[in-house]
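Before any comments, here is the structure.
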Amino acid sequence: MQPRRALGWTLTAAVVAYALGGSVVAGTVETTNPYWFRDSYTTRSSVDQTMTTAAVNTAGTGTVQLPYAPMQAAFDPAGTFALVAMQTGLDAYVFDGIGVSVLQGWNLSGIAATGVAWLKRGAAFAVSSTSQVAAYGIDSGGQVLRAAETAASGVEGLAPGPASLPFGVLAATVHGARVYEAQGTALVEVSGGPSGLSGNLGVASTSGGAVAATWQREAVQIWAWDGAAYLPVSQWTPPTPPRVDGPVAGVAFFPQGGGYWVLTAQGDLLAYAYGSTGLQSLGGMGTTLSPMPVGLASGWGASAVAALRPTGWTYEDAQAGVFGRDAPRSLTGQTWPSYAAQGVLQSVVLSAGHQVSEVRMEDADCAAGKAPPDCTRQAQVPGGTTVTYQVSTDGCATWTSALPFTNVKVPAGDQLCYRLILGTSDPTETPVVDVTNLYELATEQTTGSVAALLCVGSNC
């Protein structure tokens, strides 16, 4: 976050604050080339880690884009099959001893899925969609048959249910976690689901469902089935990941129990074991992966886990006593639909030092060497995607919409911040923002209209 001259970019968001009075904010002043507060999104610490709250992807490419949509995979603990739920469909894969390939023959077309889990008994699995949870069986001829279902909404993920319910499934919803049991052709909700939860991102459990995990962006909770209900086990709940690691991206249990992994958006795979004496961190069962994964799933082996991405999965396993990537069981080259429907990036608070009551947001495709407000061509985003801009003058407490290239009156205030709301109706497309500029035009008697840098703390 430094004062810079614009060199050109694809999509630029600039907030221009016109000062009606007061002194110019500290910073270099030029009469010919305006300076402004710039977020280039190439420095992660200034955007989506310690300085900025962001639910968008600012890693790798140095641009802001929608995060990847949650994706769930289930690896058959009794074989070599894997199922991947991608919102728009359900795919099956098989490991043949040499590599992973698409499984032919299973009639999975038309099964939209937000979550998937293998069930405890037999060749059966459960799938969730935006409107229901359904259980399926696989006959000897490889035909997938729907066995039971129930209406459900806001399901964020599935996991095997408790061992006492062989056809049970645990579902994380935006309203809390619920337990279902297949009874005839119906999935019936039974009591005992983890209680008091909302806004869950997912759920995971051991293969027998005795221990489960639910998580939100900032924390994980561990639950144990006591025969009638899931009860919290605080001594087995991991510490909240440091903010520098970003939000929690997924949780997966060791396939044979005894512990679990937590994956962060930064790509840190953290391993923990639990027992009667409490929780223990296992550094040897963790590793560092690429940032911005979309999920985590227990693998086929006794100590295996897969980190999911829109292009496949990275399979991690303990081989010859060393935990690391298992290339033959990893999957690459996929083009799964990837982007979430909406994401928000919110800036830090910028102290102007005086009252600001009018702003202008410029969304411009700048020619090389030109800087706002000289950029006049409005940037284009892919069809079906949107970027909405908002400005606050009271420290991000209340917001005023700011249309590009339009002067907007705002409540007078000196604590400025901006917010970008990105959206898409096509999971294969995302709007992209390269840089955001927040600058002020102040008037000085001796130099005329000049730009003054808005800065905060160590970023001045």
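Assuming residue 83 fulfils every condition listed in (1) in contact with an Asp or Glu (Cβ under 9 Å, 6 or more places away or on another chain); (2) surrounded by fewer than 24 Cβ atoms within 10 Å (Cβ to Cβ); (3) under 16 Å from residue 307 (Cα atoms) apart from one, which condition is it?
In the conditions (1) in contact with an Asp or Glu (Cβ under 9 Å, 6 or more places away or on another chain); (2) surrounded by fewer than 24 Cβ atoms within 10 Å (Cβ to Cβ); (3) under 16 Å from residue 307 (Cα atoms), residue 83 misses (2) alone.
Results for (1) at pLDDT 85 or above; (2) open to solvent by less than 30 Å² (accessible area, probe 1.4 Å); (3) polar (S, T, N, Q), shown as yes or no for each residue.
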site	(1), (2), (3)
355	no, no, yes
359	no, yes, no
367	no, no, no
410	yes, yes, no
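Out of curiosity, is residue 159 open to solvent by less than 10 Å² (accessible area, probe 1.4 Å), closer than 21 Å to residue 255 by Cα and either modelled with pLDDT under 85 or not in a strand (DSSP E or B) (or both)?
It is false that residue 159 is open to solvent by less than 10 Å² (accessible area, probe 1.4 Å), closer than 21 Å to residue 255 by Cα and either modelled with pLDDT under 85 or not in a strand (DSSP E or B) (or both).
Before we move on, is residue 108 in a strand (DSSP E or B) and under 25 Å from residue 156 (Cβ atoms)?
So residue 108 fails the test.
Six or more apart or on different chains, Cβ atoms under 9 Å: show the pairs whose first residue is in the stretch 333-362 and within 15 Å of residue 422 (Cα to Cα) and whose second is at pLDDT 80 or above and among the acidic types (Asp, Glu).
As it stands, the answer is 339/426; 339/429, since those pairs meet every condition given.
Can you say whether residue 110 is under 18 Å from residue 137 (Cβ atoms) and at pLDDT below 80, as far as the supplied structure shows?
Judged against the criteria, residue 110 is a match.
Scan the stretch 129-140 and tell me whether some residue there is at pLDDT below 85, open to solvent by less than 10 Å² (accessible area, probe 1.4 Å), under 25 Å from residue 231 (Cα atoms) and of a type outside the set (Ser, Thr, Tyr).
No, the stretch 129-140 contains no residue that is at pLDDT below 85, open to solvent by less than 10 Å² (accessible area, probe 1.4 Å), under 25 Å from residue 231 (Cα atoms) and of a type outside the set (Ser, Thr, Tyr).
Is it the case that residue 145 is open to solvent by 60 Å² or more (accessible area, probe 1.4 Å) and without any contact (Cβ under 8 Å) to a residue 40 or more places away in the chain?
On the way: open to solvent by 60 Å² or more (accessible area, probe 1.4 Å): yes; without any contact (Cβ under 8 Å) to a residue 40 or more places away in the chain: yes.
When the stated conditions are applied, residue 145 passes them.
Quickly run through the stretch 164-197 and pick out the residues that are surrounded by 17 or more Cβ atoms within 10 Å (Cβ to Cβ), assigned to a loop (DSSP other than H, G, I, E, B) and among the aliphatic types (A, V, I, L, M).
165, 197
Given the options 63, 58, name the one that is closer than 18 Å to residue 422 by Cβ, within 14 Å of the chain's Cα centre (by Cα), buried (at least 19 other Cβ atoms within 10 Å of the Cβ) and modelled with pLDDT of 60 or more.
Working: 63 fails: within 14 Å of the chain's Cα centre (by Cα).
None of the others qualify; the one that does is 58.
Considering only residues that are crowded, with 16+ Cβ neighbours inside 10 Å and assigned to a loop (DSSP other than H, G, I, E, B), look in the stretch 302-324 and name the one that is farthest from the chain's Cα centre (by Cα).
303
For the stretch 389-408, give me each residue that is at pLDDT 90 or above, open to solvent by 60 Å² or more (accessible area, probe 1.4 Å) and assigned to a strand (DSSP E or B).
394, 401
Quickly run through the stretch 286-321 and pick out the residues that are of a type outside the set (A, V, I, L, M) and in contact with a helix residue (DSSP H, G or I) (Cβ under 8 Å, 6 or more places away or on another chain).
Once the filter is applied, which keeps residues that are of a type outside the set (A, V, I, L, M) and in contact with a helix residue (DSSP H, G or I) (Cβ under 8 Å, 6 or more places away or on another chain), the stretch 286-321 yields 299, 300, 303, 315, 317.
Which one is nearest to residue 116 (Cα to Cα) among residues in the stretch 284-301 that are surrounded by fewer than 19 Cβ atoms within 10 Å (Cβ to Cβ) and among the polar types (S, T, N, Q)?
290
Out of the residues in the stretch 201-220 meeting the condition of being farther than 21 Å from residue 181 by Cα and modelled with pLDDT under 90, tell me which one is surrounded by the most Cβ atoms within 10 Å (Cβ to Cβ).
In this case the residue turns out to be 215.
Among (1) more than 24 Å from the chain's Cα centre (by Cα); (2) open to solvent by less than 20 Å² (accessible area, probe 1.4 Å), there is one condition residue 150 misses while meeting the rest; what is its number?
(2)
I'd like to verify a number: residues in the stretch 111-135 that are closer than 18 Å to residue 329 by Cβ and part of a loop (DSSP other than H, G, I, E, B), how many?
Selection size over the stretch 111-135: 0.
The values are calculated or read from the model by the stated rules, or taken from the named source; none is laboratory data. Owing to the predicted nature of the structure, the values given are computational and were not obtained by experimental measurement. A quick note on method: Cβ atoms are made from the backbone with ideal geometry, for glycine too, and the neighbour counts reach across all protein chains shown. Accessible surface areas use protein heavy atoms only, side chains included; no ligands, DNA or RNA. Shrake-Rupley method; radii C 1.70, N 1.55, O 1.52, S 1.80 Å.
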